[in-house]
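Structure first, commentary second.
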Amino acid sequence: MTSRFQQAGRTLSLLGPLRWLRLSGDRHPLHGHQQVSFLGWRFEEPDAEKLRVVEEAVRTTPTREEWAIDTSRRNRLLVPSRLLGEGENPAASPDFDERVTLAVRDQDFCVRTLLDMDAMLETLYGLATTPSPAPVRTPTGRTDELDLAPRPAVRPHDDP
């Protein structure tokens, strides 16, 4: 188990308990070449908010490659877009495995995906450990609108 795998597990676990995790991207243990980075996971209790946080991390992290999150199966997959196929199940094997095998020949691509994955995990860690601001209630009691009503100015030295 690599430290990168442990970091990915700890980071995703900040959003909720994990049922399954797979991380690719370290050096191949027998051949020594860099592998393509991608991350697969499943939470014990998946929900839209957890996925939204991961999507925000992917969207806001400057990357060298284009990335996508495949949600066509019960496991989520964060993967370089060039590895995805067409259709309902873009990460389906064996086509996915063949695309990964071909991509490994491009070691510069593999290194870029590794650097991207590290950066996205760092962004995700920051998002997962930053408390969300509490919703602001407006005079109508709604939390999905902004209260733009003017407020009286209060000056620090005014006497009541």
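The values are calculated or read from the model by the stated rules, or taken from the named source; none is laboratory data. Predicted model only: the values in this text are computed from it and were never measured. Glycine gets a Cβ as well: all are built from the backbone with ideal geometry, and neighbour counts include every protein chain shown. These area figures cover heavy atoms from the full protein model, side chains too; ligands, DNA and RNA do not enter into them. Shrake-Rupley method; radii C 1.70, N 1.55, O 1.52, S 1.80 Å.
Data table
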read-out	value
5 angstrom amide H check on residue 37, placed H, neighbours 5+ away	113, 114
Residues of segment 15-121: accessible area per residue with a 1.4 Å probe, Å²	56 Å²
Two-site label geometry, residue 105 and residue 7: point separation in nm, points 7 Å out along Cα→Cβ	3.0 nm
Efficiency of FRET between residue 27 and residue 52 - r from beta-carbon atoms, R0 45 angstrom, step 0.05	0.85
Nonlocal amide H pairs with residue 68, under 5 Å, H built at 1.01 Å	79, 81
Whole-Hz ³J(HN,Hα) from phi, Karplus 6.51 cos²θ - 1.76 cosθ + 1.60, for segment 105-122, glycine and proline x	5, 9, 5, 5, 4, 4, 5, 4, 5, 5, 5, 4, 4, 4, 5, 5, 5, 5
Share of carbon and sulfur in the accessible heavy-atom surface of segment 66-135 [1.4 Å probe, %]	50 percent
For segment 22-36, 3J(HN,Hα) per residue [Karplus equation, 6.51 cos²θ - 1.76 cosθ + 1.60, θ = phi - 60°, Hz, x = Gly/Pro]	9, 10, 10, x, 7, 6, 5, x, 9, 9, x, 7, 6, 9, 6
Using θ = phi - 60° and Karplus 6.51 cos²θ - 1.76 cosθ + 1.60, couplings along segment 44-57 (whole Hz; Gly, Pro as x)	4, 10, x, 7, 5, 5, 4, 5, 4, 5, 5, 4, 5, 4
For segment 32-117, with +1 on Lys and Arg beta carbons and -1 on Asp and Glu, the positive-most of 71, 40, 92 along the dipole	40
Amide hydrogen neighbours beyond the local backbone of residue 91, cut-off 5 Å, H modeled	85
